[in-house]
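K.L.:
Could you have a look at this structure, given as structure tokens, before my questions?
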Amino acid sequence: MSNTQQTPNPPEEAAKQTLTIAELTTVLIKHYGIKEGLYEASFGIGITVGGFQPVPNEPPYPGAAVFVQSVSLQAVPIPSPHSVDASKVSLVGDRHQDVPQGSKG
């Protein structure tokens, strides 16, 4: 979902949309009511190893799976393509009016 697109309605359509990292960061900033500072989304990553059996009746192969365990906000000292300045996030009640793109550094 970019700045030029309207927020989809009904909810089934919204569930089909994807967010950029900066847009997700904006959603988190709004969720927590943060009004100042520079932030990026931070992802907690996990990894597990084991035997994976992609084809039934064949022996398992050694492999690894990487997964996202959590998402949080990380304050950052300098702008990046994925960072968002919380002071520039438009707040209207509990909903945002604009979803800013990442700050240019």
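Please treat every number below as a calculation from the coordinates, not as lab data. Small disclaimer: the values here were computed from a predicted structure and weren't measured. FYI the Cβ positions are ideal-geometry reconstructions off the backbone, even for glycines, and counts take in every protein chain you see.
K.L.:
Residue pairs, Cβ under 6 Å, 6 or more apart or interchain, first in segment 23-38 and part of a loop (DSSP other than H, G, I, E, B), second surrounded by fewer than 19 Cβ atoms within 10 Å (Cβ to Cβ). List them.
P.N.:
Listed pairs, sorted by first residue: 36/87; 37/75.
K.L.:
Mind checking whether some residue in segment 13-22 is part of a loop (DSSP other than H, G, I, E, B) and small (Gly, Ala, Ser)?
P.N.:
Looking for residues that are part of a loop (DSSP other than H, G, I, E, B) and small (Gly, Ala, Ser), one finds at least one in segment 13-22, hence yes.
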